[in-house]
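Down below is the structure, laid out as structure tokens.
The values are calculated or read from the model by the stated rules, or taken from the named source; none is laboratory data. Note that this is a predicted model, so its numbers are computed, not measured. Cβ placement follows ideal geometry from the backbone for every residue including glycine, while neighbour counts extend to all protein chains displayed.
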């Protein structure tokens, strides 16, 4: 599990068919889980100046691979007892969105991201969303897009400062919204009462 708070900007040394090698100050252990641009990956080798992770065909089909160059966001998985600061992030990318506009308002930036309309039910207004591994809050939801407010420090300290109209981003929707949608759309859920739904949601 992750929190959506970027711990380091790592440099890409190489990216082959299914292997990504990074230069980083973070020193993971072999087999550790680490989120790269929001995607949970496993460390398969340790080098003197960084580490490498492996990407499965399933992962490659669902993420913006064109961004695995130059710098990437990294966040090690949480450890038991760590302070919880962002929101619950699994590192499972649901879809790829496309930035359609970025407007500078001086003390903040308004960013609109287009997404397949099928994912809009999983993006609640004022809910949490993860963009390339960054924990953010949804300000407005439209038919096939949503709007975020990005503060200056996020623009400076993450890749958001390099994004422009047309940039594709990895999106992980809110984990609770995904669970609830699954519960409510399965055949057994059709006979559930709201008390049943409340009881099940309380388990997560």
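The test for being free of Cβ contacts under 8 Å to residues at least 40 places away in the same chain and either surrounded by 18 or more Cβ atoms within 10 Å (Cβ to Cβ) or under 17 Å from the mean Cα position of the chain (by Cα) (or both) holds for residue 53. Listed by position, the strands (runs of 3 or more DSSP E) inside region 1-45 whose residues that are under 12 Å from residue 75 (Cα atoms) number at least 3 are 8-15, 33-36.
Residues in region 86-117 that are under 16 Å from residue 175 (Cα atoms) and either at pLDDT below 90 or out of contact with any helix residue (DSSP H, G or I) (no Cβ under 7 Å at 6 or more places or on another chain) (or both): 86, 87, 88, 89, 91, 92.
Per the listing 7, 19, the residue uniquely modelled with pLDDT under 95 and within 27 Å of residue 173 (Cα to Cα) is 7.
Here is a yes/no grid of residues against (1) assigned by TED's automatic domain parsing to the domain that holds residue 62; (2) buried (at least 17 other Cβ atoms within 10 Å of the Cβ); (3) over 22 Å from residue 64 (Cβ atoms):
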site: 118; (1), (2), (3): no, no, no
site: 143; (1), (2), (3): no, no, yes
site: 152; (1), (2), (3): no, no, yes
site: 155; (1), (2), (3): no, yes, no
site: 161; (1), (2), (3): no, no, no
site: 167; (1), (2), (3): no, yes, no
site: 174; (1), (2), (3): no, yes, no
